[in-house]
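The values are calculated or read from the model by the stated rules, or taken from the named source; none is laboratory data. As the structure is a prediction and not an experimental result, all values here were calculated from the model. Glycine also receives a Cβ, built like all others from the backbone with ideal geometry; neighbour counts cover every protein chain displayed.
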Amino acid sequence: MITAHAAFAAGGLYKWVDEKGVVHYSDTPPAGKAAKKFEASPQPLLDNTQAPPHSRSWQEQLQDSNERRFREGKGQQEQQKKVQEAESKCRQARSALESLKQERPLYRVGKDGERIYLEDAERGGFAEKWQKQADTYCR
């Protein structure tokens, strides 16, 4: 018996239905019956002048993966650095606000190293400045 693939390649394959409704396939047409012939359509040949699509090697895929992980890690480090800076600025603002709330005299050091004591108006200005920083960085 010839397989369907061999019959198809050899010159065609025939299909017909008998009196009982059973479908048959054969490499030769049935005697006295109408049959449909399947023609083999040749597959297009590959053009040897065109290179097949480039498949990436495992080394290229590994390098891409390593580069992606490096970028992700760098992004995480930058994000962590921003969080740490915000926490530091928050602590600094809260500490300054706590100092400004106390009723003791506060001073800043001038250019010549002398102490310049803060007046009540200056204290209020500094308190506003530090409160804005605390509102921005303390979450």
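Values as computed for the structure displayed
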quantity: Out of 64, 47, 135, 112, sole residue that is at pLDDT 90 or above and part of a loop (DSSP other than H, G, I, E, B); calculated: 112
quantity: Whichever residue in the range 95-139 is without any contact (Cβ under 8 Å) to a residue 24 or more places away in the chain and of a type in the set (Gly, Ala, Ser) and, among such residues, is surrounded by the most Cβ atoms within 10 Å (Cβ to Cβ); calculated: 99
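Okay, residues lined up against (1) farther than 30 Å from residue 130 by Cα; (2) surrounded by 10 or more Cβ atoms within 10 Å (Cβ to Cβ):
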site: 57; (1), (2): yes, no
site: 60; (1), (2): yes, yes
site: 63; (1), (2): yes, yes
site: 83; (1), (2): no, yes
site: 86; (1), (2): no, yes
